[in-house]
Amino acid sequence: MQPQGSAIFNKQYVKALTQRINNATDCHELQEVTNDAIASIQAQSDAITAQLAALQPMLALLKPPTSLNAIISWLSNFITSFLTPYMKPYVTYAAQAAEMVAAMAELTAAIQEAAGKIKTCTIEIPAVSLPDVSTVEPAP
């Protein structure tokens, strides 16, 4: 199966669905295959619709500005339509990185405390390369 978005439409998939429909031997089986086929097409349609809606605001960015006011408007639209959605994962990853550093400190303390309760127990905590949260800037 081709990955989503790598071709206009996966015609082989439709051929396979058609073959399953043609091979149905009773009404119940035909109904199941029909439901599966239509649900699959609907899911693909929903995914395409969502992607088109997400990309729609960026279409205006393909038209170069021709005046100073248009340049200001274009830059504002660029920030709103492209940079802001593009950078949303940054906020999530920054928060996850800070939580991960705190979690590692909590786990290390718990491991050391648990080892202290057991006589002659020495636990070697493997090194973990954690994100450097000191370089993470807060989102605007």
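The values are calculated or read from the model by the stated rules, or taken from the named source; none is laboratory data. Just so it is clear, the structure is predicted and the values come from calculations on it, not from any experiment. With ideal geometry, Cβ positions are generated from the backbone for all residues, glycine too; neighbour counts draw on all protein chains shown. Surface accessibility is based on the protein's heavy atoms, side chains included, excluding ligands, DNA and RNA. Shrake-Rupley method; radii C 1.70, N 1.55, O 1.52, S 1.80 Å.
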Mind checking Rg over Rh on the chain, alpha carbons, Kirkwood formula for Rh?
-> 1.24
Please find, in a Gaussian network model of the chain (springs between Cα atoms separated by less than 10 Å), the residue of Lys117, Lys11, Lys88 whose mean-square fluctuation is greatest.
-> Lys117
With the chain treated as a Gaussian network of Cα nodes joined by springs under 10 Å, which of Leu55, Leu68, Leu83 yields the largest mean-square fluctuation?
-> Leu68
Looking only at Thr84, Thr18, Thr120, which one moves most when the chain is put into a Gaussian network model with springs between Cα atoms under 10 Å?
-> Thr120
Protein-only accessible surface order, largest first, of Cys27, Cys121 at 1.4 Å | Cys27, Cys121
Order by protection proxy (mean Cβ within 10 Å, highest first), peptides 73-82, 58-67, 123-132 | 73-82, 58-67, 123-132
